[in-house]
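The values are calculated or read from the model by the stated rules, or taken from the named source; none is laboratory data. Note that the structure is predicted; figures quoted are calculated from it, not measured. All Cβ positions, even for glycine, are placed from backbone atoms using ideal geometry, and neighbour counts span all protein chains on display.
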Amino acid sequence: MQYEVSVPSVTLLILMVVFAAVVVPPTMSLVTGWWSVRLRRWGAELRIARMRLAERLRRALRAFLDGDGRG
């Protein structure tokens, strides 16, 4: 078997590789930056929600232990 590759297909391959080398890194950086911001926001919101829940449970436990009579 003998494979022949035409010059235009080799040129196209080289152009595709160059395009990928130039376009992919900035695109990946943009996507990872976007996710980083989102994850940071979600993490902060989860921390706030967890602190609110802990405070609510602390108050309920304190009221129960003090015999506050509220149900």
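Based on what the data block shows, is Glu45 acidic (Asp, Glu) and assigned to a loop (DSSP other than H, G, I, E, B)?
Judged against the criteria, Glu45 is not a match.
Glu4 - would you say it is of a type in the set (Asp, Glu) and outside any helix (DSSP H, G or I)? Give the steps one after another, and end with the answer.
Working: of a type in the set (Asp, Glu): yes; outside any helix (DSSP H, G or I): yes.
Taking the combined requirement at face value, the residue satisfies it.
Name the residues in the range 1-21 that are at pLDDT 85 or above and surrounded by 10 or more Cβ atoms within 10 Å (Cβ to Cβ), would you?
Thr11, Leu12, Leu13, Ile14, Leu15, Met16, Val17, Val18, Phe19, Ala20
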